[in-house]
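Some notes on the structure that comes next.
No value in this document is a laboratory result; all are computed from the given coordinates. Note that the structure is predicted; figures quoted are calculated from it, not measured. As a convention, Cβ positions derive from the backbone with ideal geometry for all residues, glycine included, and neighbour counts pool all protein chains shown.
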Amino acid sequence: MEELTETLELINERVNNNLMNFMFNLDEQCESKINFLLDVLTNGLREDPLDQLVSTELDHYEASCLEYEQLQKMLNNVETSIEELKRMQSEKQKELVSLQRNHKELKKKIESITKQKEQIQNKRDQILAFKILTGIDFNYKSKKVEGIITKSVPKAFSFNPDKLTQEEIAKKLWNLKFNKES
C-alpha cells in the first residue's frame, strides 16, 4: 500500500514538474507572440507570409492550451487516486487494529482454556491418587455420596449429604474402610 502511495506521489510530482515546464514554455511563447503582435500593430501588416506565421503560432498556442488542460486533468485524476488510496489505507489500518484486538482476546481465551485443562488434569490425578490410596471408588453421577470401598471384600456405601455433614460422612467412610462400627 505504501509502495503504491509512493508511486502515485512520484507520478504527481512528475505531472507537477511537466505542468510547471509547460507553463514556463507557455509564458515564453506568449511573451514572444505578444512582442510579435506589438511589432505587427506598430509596423502594420506585411505580406502574406506573415499572416501564415501568425496562423501557425496561433495553432501552436491552441495546441499548448489543450495540452495544459490534459495535464491538469491528469493531475486531478492522480490527486483523486491518492485520496482514495489514503482512505483505503486508513480503513485497512482500522481493520488491522480490530484483528489485532481479536487476536489478543483469542490468545487470552486459549491461555484460560489451557489453564483450565491443566487444573482438570491435576484434579483427575488427585482423584486417582485418592482412589488408589484409600481404595474408595466414588460414583460421581449420583447426588448422594456413594460408591464402593475396596478391601478384602468390596462394600457399597451411600450417604445423603442433605442429612449428614461432611465430617460425619468422612467419619463413616473411615469407619467403613477400617471396619469400625459407627
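Taking the Cα centre of the chain as origin and charging only Cβ (+1 Lys, Arg; -1 Asp, Glu), how large is the dipole, in debye to the nearest 20? Write out the running numbers ahead of the final one.
On the way: 28 positive and 32 negative charges, 1007 e Å.
Result for the chain is approximately 4840 debye, rounded to the nearest 20.
Can you give the longest run of the chain that contains no trypsin sites (Lys or Arg not before Pro) sitting in a DSSP loop with at most 16 other Cβ atoms inside 10 Å? If you can, show how the numbers build up before the last one.
Working: sites that count: R46, K141, K143, K144, K151, K163, K180.
The answer is 47-140.
Give or take rounding to whole Å, what are the principal axis extents of the alpha carbon atoms in the range 83-169, in descending order?
85, 28, 19 Å, listed from the longest principal axis down.
Kirkwood Rh and Cα-based Rg: tell me the resulting Rg over Rh for the range 73-122, rounded to two decimals. Could you put the intermediate results ahead of the total?
Working: Rg = 21.6 Å, Rh = 14.1 Å.
My calculation puts Rg/Rh at 1.53.
Using every alpha carbon pair in the range 54-97, what percent of pairs falls into each 5 Å bin from 0 up to the bin containing the largest distance?
Spelled out bin by bin, the range 54-97 gives 5, 20, 11, 13, 10, 8, 10, 6, 6, 5, 3, 2, 1 percent.
Suppose we keep just the alpha-carbon trace of the range 135-177; what are its Rg and Dmax in angstrom?
Rg, Dmax (Cα atoms, Å): 10.0, 30.
Multiply the residue gap between L106 and D137 by 0.36 nm, knock off their C-alpha separation, and tell me the result in nm, one decimal place. Let's see the in-between values first.
Details: separation 31, 0.36 × 31 = 11.16 nm, distance 3.84 nm.
Contour length minus Cα-Cα distance gives 7.3 nm.
So which chymotrypsin sites (Phe, Trp or Tyr not before Pro) in the range 78-182 end up in coil per DSSP with only 11 or fewer other C-beta atoms within 10 Å? Can you show the working numbers first?
Details: sites: F130, F138, Y140, F157, F159, W174, F178; in loops: Y140, F178.
For chymotrypsin sites (Phe, Trp or Tyr not before Pro) across the range 78-182 that sit outside H, G, I, E and B with at most 11 neighbouring Cβ atoms in 10 Å, the list reads Y140, F178.
Normalised by the number of residues in the chain, what is the relative contact order in percent for Cα pairs under 8 Å and 6+ residues apart? Before the final figure, lay out the partial values.
Numbers: 81 pairs, mean separation 27.4, N = 182.
Answer for the chain is 15 percent.
Full-extension gain between E146 and M23, please, as 0.36 nm times their residue separation minus the C-alpha to C-alpha distance.
Values: separation 123, 0.36 × 123 = 44.28 nm, distance 9.91 nm.
My answer for the length gained is 34.4 nm.
Put +1 on the Cβ of every Lys and Arg and -1 on every Asp and Glu Cβ in the range 2-114; which of V78, N102, C65 then has its Cα farthest towards the positive end of the dipole?
With unit charges placed on the Cβ atoms, the residue in question is N102.
Please report the orientation-averaged projected area of the range 2-114, defined via the convex hull of its C-alpha atoms, in nm².
Working: hull surface 35.9 nm².
Convex hull of Cα atoms, orientation-averaged projection: 9.0 nm².
When we measure straight from the Cα of K117, which lysines land under 24 angstrom away, once same-chain ones fewer than 8 places off are left out?
Result set, ordered by chain and number: K104, K107, K108, K109, K131, K141.
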